[in-house]
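The values are calculated or read from the model by the stated rules, or taken from the named source; none is laboratory data. All of these numbers come straight from a predicted model, not from anything done at the bench. Glycine also receives a Cβ, built like all others from the backbone with ideal geometry; neighbour counts cover every protein chain displayed.
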Amino acid sequence: MNNFIYETIPPHSRAGYNAFFSFTNGIAQFGGALTGGWLYERLPALWGSAFIFLLAISAFLRALAVIPLFLMVREVRTVKAIGPAELLLFMSGFKPQVR
């Protein structure tokens with residue numbers, strides 16, 4: 001999300017957008033941790049542990065938050081499409097020579 005802010009927001013507005021993103025991210029982390037701690041004492045055991053149930057709930061809610069972002073956020077600049085082999089080589093540190 002931070003890269004998206006740097007690519008789409010004009011330079012004079014980036015500080016404000018970055019501050020708002022950091023603030024809302026901090027509030028969400030605080031609220032999630034507080035809710036998770038409260039739920040941990042109240043959830044039934046799943047496979048012998050309430051923590052596993054809490055992880056399942058967390059994964060489900062995170063997926064609900066991420067899926068709309070994948071549908072709404074689009075690449076704003078033109079990028080070259082590469083295949084799996086090129087991606088693997090690039091991620092492992094092998095970069096092609098540009099001629």
Q. Tally time: how many residues in the stretch 1-29 are charged (D, E, K, R) and surrounded by 11 or more Cβ atoms within 10 Å (Cβ to Cβ)?
A. 1
Q: Scan the stretch 30-42 and report the pairs whose first residue is exposed (fewer than 10 other Cβ atoms within 10 Å of the Cβ) and whose second residue is at pLDDT below 95, with Cβ atoms within less than 7 Å and a gap of 6+ or a chain change.
A: none
(Q) Return the pair list, or none, for Cβ contacts closer than 9 Å from residues in the stretch 65-93 that are without any contact (Cβ under 8 Å) to a residue 24 or more places away in the chain to residues that are among the basic types (Lys, Arg), at least 6 apart or on different chains. (A) Leu89/Lys95
Q: Please identify the pairs in which a residue from the stretch 49-60 that is loosely packed, with under 15 Cβ neighbours inside 10 Å has its Cβ atom under 7 Å from the Cβ atom of a residue that is at pLDDT below 90 and part of a strand (DSSP E or B), counting only partners at least 6 apart or on another chain.
A: Ile52/Leu46; Ala56/Leu46
(Q) Going through Leu71, Leu34 one at a time, which residue ends up being closer than 17 Å to Phe4 by Cα, modelled with pLDDT of 85 or more and not hydroxyl-bearing (Ser, Thr, Tyr)? (A) Leu71
